[in-house]
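Read-outs: derived from the displayed coordinates by stated rules, not from any lab. As the structure is a computational prediction, the values presented were derived from the model and not from experiment. Quick reminder, even Gly has a Cβ in these numbers, built from the backbone with ideal geometry, and neighbours come from all protein chains shown.
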Amino acid sequence: IRACDNAARKVPGYREFLRAHGTSPAEILGLGLPPTDKGNYVDVYGIEERCLNGVLPHRDTAIDESSGSTGTPYNWIRSLNERNSSHIFISHFARYCFGEEPWITINAFSMGAWATGINMGVALQRNSIVKSTGPDLEKIFSTLQLFGPEIRYLVCGYPPFLKHMIDVALERRFPLGTYRLMALLGGEGNSEGLRDYLYSHFQPVYSGYGATDVEIGLAGETPISLAFRREARTNPDLRRALFGSDPRLPMVFQYS
């Protein structure tokens, strides 16, 4: 309620959006809010109208661009405070899932304007040494060779890319099995069959959930959420109880 009231007072576009939908301040208190989406809000009001006080901030600000999977990439303005909250969540998540023994993070997410790339590297600097290679196998293999197998590595990237990394290492006879590798997946879903394949060289393997439109690091897999999903593969009663008749095996994340 506080967030909505603050936006209604300080964000010109949102204030006009509420007025256009006939929503009064009293209805805000009752959370009688019209839902926003790209069609009725983002496409209607300009970027400055959707900023605090109708002003595009010129410091402590980053611009993310979404993938364009809906047909049009969208740009999103992120303040330093927003980013800080996201970085704290990712840092806690990483410490919980991967422990506190030192590691080197190899950030193999796509770099550039997409939210997860550079931003993920910044977040994980709270936990580790970070090298943001992007999805470049030559840089990844050379980094592993440079620092050697004595330290742990967390490789962050799209699920198919980490599979590709294993496949290429096997083709080249790169000694991937001598390294202690962990994996943080994101960007798209993955099957448990793929996770089983990654387990041949990565332990543990967890995925994070987010969206450029909202923010990265909204939720993450944990040991218990992963256990639910993996058990549901072979337990039809549990699968039906959790997911109903969904023919897929949805991913399960823990929020907050």
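Summary table below
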{"read-out": "Lys/Arg +1, Asp/Glu -1 at C-beta; the chain dipole; positive extreme among Leu144, Ala3, Pro102", "value": "Pro102"}
{"read-out": "Positive-pole candidate from Gly187, Asn119, Tyr158, dipole of the stretch 67-217, charges at beta carbon", "value": "Asn119"}
{"read-out": "Within the stretch 5-51, trypsin sites (Lys or Arg not before Pro) in DSSP loop having at most 15 other beta-carbon neighbours inside 10 Å", "value": "none"}
{"read-out": "Cleavage-rule hits (GluC sites (Glu not before Pro)) in the stretch 87-166: DSSP loop, at most 12 neighbouring Cβ within 10 angstrom", "value": "Glu100, Glu150"}
{"read-out": "Which labelled figure in (1) -0.31, -1.04, -1.21; (2) -0.29, -0.93, -1.13; (3) -0.24, -0.86, -1.14 is log10 I(q)/I(0) by the Debye sum over Cα atoms at q = 0.07, 0.14, 0.16 Å⁻¹, once derived from the coordinates", "value": "(1)"}
{"read-out": "The stretch 1-117, dipole about Cα centre (Lys/Arg Cβ +1, Asp/Glu Cβ -1), debye to the nearest 20", "value": "260"}
{"read-out": "Qualifying chymotrypsin sites (Phe, Trp or Tyr not before Pro) for the stretch 1-103 [loop in DSSP, other Cβ within 10 Å: at most 16]", "value": "Tyr74"}
{"read-out": "Electrostatic dipole magnitude of the chain [Cβ: Lys, Arg +1; Asp, Glu -1; Cα centre; debye, to 20]", "value": "340"}
{"read-out": "Reach of Lys139 by Cα under 17 Å, taken over lysines that are not fewer than 8 positions away in the same chain", "value": "Lys131, Lys163"}
{"read-out": "222 nm mean residue ellipticity, helices alone, for the chain (DSSP H n ≥ 4; -39,500 (n - 2.57); rounded to 500)", "value": "-12000 deg cm²/dmol"}
{"read-out": "Cα gyration tensor shape of the stretch 121-186, rounded if a/c is under 1.5, else prolate or oblate by comparing a/b with b/c", "value": "oblate"}
